[in-house]
Each structure stands twice: as structure tokens, then as C-alpha cells.
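Take a look at the structure set out below.
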Amino acid sequence: MKRQMVDMLAELVKIPSDPFSDKQEVLDYVQSFTDQIHMRNTLFGDAQSPALLAEYGQGGLVLSGHLDTPPIGDYWSFSQSQVASGRLYGRGAADMKGTVVAMLQAAADLVLRKVPVVLAFTTDEETTMQGAAALSKTLPMRRAKAIVVGEPTGLRVAHAEKGVLDIAIETRGKAAHGAMPHLGENAISKMMRIVRGLESFKGRIAHPELGTVTMNLGTFHGGNRLNVVPNKATAEVDIRFPPPYSPDQLYREIEEHLRRIKTPFTLRRLVSLPSIQIDPNAPHVRLLREVSGGETTVLVHASEAVHYTQVNPRVVIYGAGEEELSHQANEYVKIESVARATEVYKKYAQRLLSPRAAT
């Protein structure tokens with residue numbers, strides 16, 4: 001059984017599923033498996049970001065994951081799907097194809113035992129999350145006894161995650177010859193003042209486990225030639241914030257902070273996702289902690305749980321792989337962690353149906 005699991009993971013990791021890849025191949029691979037175990041498959045979303053809902057029975061557990069990954073990138077020491085020292089390396093191994101394989105393996109066993117289970121897989125979590133938005137409208141997601149979102153938690157039960165506020169900043173200047181900068185206004189210099197001011201921003205809210213606001217200046221563009229005073233500069237900033245911050249509240253605070261710099265700029269939102277706080281003592285969370293025997297944790301990145309918590313309060317986050325390995329060179333997942341997650345999902349699905357689970 002473990003050999004089959006490793007082979008499946010190796011095959012899944014080798015299928016390109018970054019934002020520039022056709023997602024149909026990775027979706028076909030998973031759908032072929034769910035067909036074989038006699039689950040009822042329904043596709044949602046569009047051709048660019050299809051999502052799969054595979055159902056067996058009603059009123060059970062939903063196992064939710066995403067099939068897409070960031071690009072592979074550079075500076076790898078291991079080849080894609082290479083196995084070494086009990087680890088399988090490759091883009092998406094930790095985030096989160098290892099967990100997807102655990103969910104598929106668990107579903108196959110649950111179907112044999114006639115235990116209701118639903119698989120919800122998307123192909124655009126790393127970009128738009130339109131697939132999760134579409135799936136959240138379905139009855140199986142709304143009526144599930146619990147939804148487990150399989151982000152990499154290191155086999156710990158996660159009950160909170162930061163929200164996302166991505167912003168674009170633009171400064172304008174006046175073009176002039178580079179030899180006569182006094183005749184122009186340098187938009188890059190203005191942007192540098194804005195960025196320095198942004199770095200001094202301190203959020204007013206802190207979470208006991210997630211801390212406060214963090215920022216990453218992800219892109220910076222300005223100028224066309226070195227001998228021309230640039231008349232435009234743009235920057236994109238990825239901001240993560242803890243509950244109970246709201247995106248609107250944080251946006252207002254940042255805008256007010258930047259206005260104090262006395263440098264003209266324009267500000268607009270690119271992405272806005274709320275933070276999540278799940279009651280760690282809720283029955284469905286306590287049951288997963290009992291089944292897994294694991295510790296609790298929180299996530300600094302956002303997940304599709306943000307869509308599912310809006311339609312079903314019984315959401316929890318649990319998966320194989322470590323969060324800090326996500327999007328890194330030499331990303332890997334421990335094979336034993338995938339096997340352990342498989343067993344936890346199976347046991348959790350069965351325990352949810354018992355009278356004790358409702359207490």
C-alpha cells in the first residue's frame with residue numbers, strides 16, 4: 001500500500017501544475033482515480049481554473065485540497081519526485097500534493113467501508129481561488145459534518161490563519177534629461193520615500209499566536225532609460241494580517257499612515273482576503289485533535305478555508321508537509337507524514353458519524 005502511495009505521489013508531483021500550465025492533465029489524473037473508486041464526479045469553475053467535486057454518499061467529511069503549485073524555480077539540489085532519506089522532493093510535495101495523495105488514499109478506503117466522503121480539489125489556489133469560491137456554493141460543502149482543508153500543517157491541527165491584503169502603489173513624476181535632473185521630478189525617488197514609510201508601519205492589532213502585520217515588497221518598476229528622469233514608478237506589496245483585523249480596517253490604516261509622508265501617490269487593492277479564527281474548542285476541532293494526537297498550530301499564509309468558513313462553520317486545517325517548505329527550492333514531504341495523514345483522515349471520517357462526535 002505504501003509503495004502505491006509513493007508511486008502516486010511521484011506521478012502527481014511530475015505533472016506540471018504551475019500558473020503557466022494547462023491544469024487539465026493534473027485534474028484528469030485525479031479524476032481518473034476517483035472514477036476508479038466509484039465516486040460521482042462533477043466539475044465546477046472554468047477551463048482555466050477547473051475544480052472537481054467527487055462524492056460518495058451524503059452527510060460525511062469533505063477533504064479539500066488544491067492541485068496547483070507555484071513555478072519550480074531555480075537552485076534545486078534534487079530532481080522532481082526524487083526520493084531520499086524517507087522524503088519525496090518536488091514542487092508541490094509539501095504544498096500540497098502529498099496531502100492530496102493522502103486524501104485520495106483515505107477516500108478509496110472509506111468508499112470500500114461505505115463511509116460517506118467528499119473530495120474537493122481546485123487548480124487555482126495559488127492565484128485566484130475562483131475554484132474554491134465556486135465549490136463553496138455547493139450543497140456538499142455547506143452541509144458537511146466537517147471540512148478539512150489540507151494545507152501543510154506538519155500534522156498539527158490549525159485553527160487560525162492570516163488574511164491577505166495585496167496593494168499596488170504608483171507615484172508620478174516629470175520626465176527630463178538625466179543630465180538635468182533639476183528640470184524633472186523623479187518618480188522612483190518618490191516611491192522610495194513611500195516604501196520607507198510603509199516599512200515603518202506598525203499594525204494596531206496583534207494576535208497571541210500569529211503576531212502582527214507583515215509585509216513583502218514583491219515587485220518594483222520604474223523608469224525606461226538610465227539617462228531619463230523617470231516619470232512613473234509602481235510597486236506591489238503583499239501584506240498579511242492576523243485576526244481580528246479586517247482588510248478594510250487595515251487598508252484605511254495604511255493609507256492614513258502613508259498620507260503623513262507628504263508625497264503624492266495612488267493606492268489600489270489587488271487581493272483582499274479576510275483572516276480566519278476558528279474556535280479551537282469547537283467539537284469538530286477537538287475531535288480531530290483527539291484522532292490525530294497532534295498539537296494545534298496557526299498558519300501565516302492564507303488558504304481556501306477563507307471561502308469555506310463563510311458557508312460552513314465546521315472547517316479545520318490539517319495536512320502533511322511543513323508550512324515553511326512551501327514555495328521553496330528543495331521542497332519535500334516526508335513519506336511517513338503522508339501515510340499518517342491518510343490514517344487520520346480515515347479515522348476522523350468514521351468518528352464524525354458516531355453519536356459521540358456531536359458532543
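Here Glu255 and Ala206 are evaluated by their C-beta separation; at R0 = 25 Å the FRET efficiency comes out at 0.75.
The range 311-325 and the range 175-218 have Cα centres separated by 33 Å. Going from the residue with the fewest nearby Cβ atoms within 10 Å to the one with the most, Met129, Met103, Met180 rank Met180, Met129, Met103. Principal axis extents of the C-alpha atoms in the range 5-59 (largest first, rounded to whole Å): 35, 30, 16. Put in line by how crowded their Cβ is, counting other Cβ atoms within 10 Å and starting with the fewest, Met96, Met8 read Met8, Met96.
Here the calculated FRET efficiency for Ser189 and Ala329, from their Cβ-Cβ distance with R0 = 41 Å, stands at 0.75, rounded to the nearest 0.05.
Using the Cβ-Cβ distance between Leu43 and Gln277 with R0 set to 22 Å, the FRET efficiency works out to roughly 0.10. Helix 24-36 and the longest principal axis of the Cα set of the chain meet at an angle near 20°.
For the chain, a Gaussian network of Cα nodes joined below 10 Å ranks Arg314, Arg225, Arg113 by mean-square fluctuation, and the top entry is Arg225. Model label sites at Arg172 and Ser246, defined 7 Å from Cα along the beta-carbon direction, differ in position by 3.2 nm. From its DSSP helices (H runs of at least four residues, each -39,500 (n - 2.57)), the chain gives a residue-normalised ellipticity at 222 nm of -9500 deg cm²/dmol. Taking every C-alpha pair closer than 8 Å and separated by at least 6 residues, the mean separation divided by the residue count of the chain gives a relative contact order of 25 percent.
Is the range 269-355 rounded, prolate or oblate when judged by the Cα gyration tensor, a ≥ b ≥ c being the square roots of its eigenvalues, rounded requiring a/c under 1.5 and prolate requiring a/b larger than b/c? Oblate shape, in that a/c is at least 1.5 and b/c is the bigger or equal ratio. Springs between Cα atoms under 10 Å define the GNM used for the chain, and in it the highest mean-square fluctuation of Lys190, Lys334, Lys97 occurs at Lys190. Taking every DSSP beta bridge that has both ends in the chain, the antiparallel portion is near 75%. Counting only aspartates and glutamates at least 8 places from Lys262 when in the same chain, those with an alpha carbon closer than 19 Å to its own are Glu170, Glu185, Glu199, Glu253.
Each distinct pair of alpha carbons in the range 224-304 adds a 1/r term; the inverse of their mean, the Kirkwood radius, is 16.8 Å.
Taking label positions 7 Å along the Cα-Cβ direction at both Asp28 and Lys114, the computed distance is 3.6 nm, reported to one decimal. Listed by chain and number, the lysines whose alpha-carbon sits under 28 Å from that of Lys145, ignoring those within fewer than 8 places in the same chain, are Lys97, Lys114, Lys137, Lys162, Lys346, Lys347. Relative contact order of the range 1-143: 32 percent, from C-alpha pairs under 8 Å at least 6 residues apart in sequence. Over the chain, the alpha carbon radius of gyration divided by the compact-protein estimate 2.2 N^0.38 Å works out to 1.10.
With the biggest extent put first, the Cα atoms of the range 163-273 measure 53, 23, 19 Å across the principal axes.
Restricting the calculation to Cα atoms, every distinct pair contributes to the Kirkwood radius of the range 184-249, found to be 13.8 Å. Compare Val237, Val13, Val149 in a GNM of the chain, Cα atoms joined below 10 Å, and give the one with the largest fluctuation. It is Val237.
When Lys114, Lys137 are sorted by how many other C-beta atoms sit within 10 angstrom of their C-beta, beginning with the fewest, the order is Lys114, Lys137.
A short reminder: the numbers here are calculations on the coordinates, not readings from a lab. Predicted model only: the values in this text are computed from it and were never measured. All Cβ positions, glycine included, derive from the backbone under ideal geometry; neighbour counts span all protein chains shown.
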